[in-house]
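Only one structure is covered here, and it is reproduced in the block below.
The values are calculated or read from the model by the stated rules, or taken from the named source; none is laboratory data. From a predicted model like this one, the values you see are computed outputs, not experimental measurements. Every residue, glycine among them, receives a Cβ derived from its backbone with ideal geometry; neighbour counts consider all protein chains shown. Side chains are part of the model used for accessible areas, which takes the heavy atoms of the whole protein and leaves out ligands, DNA and RNA. Shrake-Rupley method; radii C 1.70, N 1.55, O 1.52, S 1.80 Å.
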Amino acid sequence: MLKKKIAVFLDRDGTVSEEVSYISDPNMLRLIPRAAEAIRLINESGLMAVVVTNQSGIARGYFTEHVLKKIHKKMELLLKAEGAHLNGIYYCPHHPEVGLPEYVLDCDCRKPRTGMIDAAAKDLNIDVGGSYVVGDKIIDIELAHKAGASGILVMTGYGREELKSLTNERKVWPDHIADDLYDAVKWILRQEGRE
């Protein structure tokens, strides 16, 4: 039996790429500074880098799955240019209430539900309990906790606004708060003794 791997599950918009409302064209995608370097550190450490992203713009008809694949190809090319790569990209095209009929679905893959992580764990032999979720929204932290992973909130994208909304009533606290993906990865590598 192959030993299960530890993964860093990455939100896309606001964590790896700049937050732009509904990226609908590959030319709109820009990496956040130091994001590629952070993913390269994940690669070099032997951990897995897996993007998990809600993309309800598909359900809303703003872009198609075909266009999303082109956007993700651009992201992979930008990362490759800086010596980094992703082990997988998982996305949820659904919305529970609005959009094109074939995509209106109260699914298991839309964060904070764990469907994307469950699929990645099966496909890539991942130890979810030993893994990490990094994102700029509270739903990323909720996802981490529901999956049994550690959750890290970054201050890029919506991170600062989301941090302000945390209250004792929310009962969702990040395991760590980082300035950006690079700082989050440095913290993860310290936890893993791989720095």
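For the reader, a short list of remarks on this structure follows.
- Matching entry among 5, 74, 69, 80 (being closer than 21 Å to residue 136 by Cβ, modelled with pLDDT of 95 or more and among the basic types (Lys, Arg)): 74
- Yes/no for residue 171 being open to solvent by 50 Å² or more (accessible area, probe 1.4 Å), in contact (Cβ under 8 Å) with a residue 24 or more places away in the chain and either closer than 26 Å to residue 127 by Cα or assigned to a loop (DSSP other than H, G, I, E, B) (or both): no
A quick yes/no check of all residues on (1) closer than 20 Å to residue 145 by Cα; (2) of a type in the set (Val, Ile, Thr):
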residue: 7; (1), (2): yes, no
residue: 11; (1), (2): yes, no
residue: 18; (1), (2): no, no
residue: 24; (1), (2): no, no
residue: 28; (1), (2): no, no
residue: 47; (1), (2): yes, no
residue: 57; (1), (2): no, no
residue: 60; (1), (2): no, no
residue: 64; (1), (2): no, yes
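- When each of 44, 102, 19, 37 is tested for being assigned to a loop (DSSP other than H, G, I, E, B) and either without any contact (Cβ under 8 Å) to a residue 60 or more places away in the chain or open to solvent by 40 Å² or more (accessible area, probe 1.4 Å) (or both), the lone residue that passes is 19.
- Filter pass, residue 163 being in a helix (DSSP H, G or I), surrounded by fewer than 20 Cβ atoms within 10 Å (Cβ to Cβ) and touching a helix residue (DSSP H, G or I) at 6+ places or on another chain (Cβ under 8 Å): no
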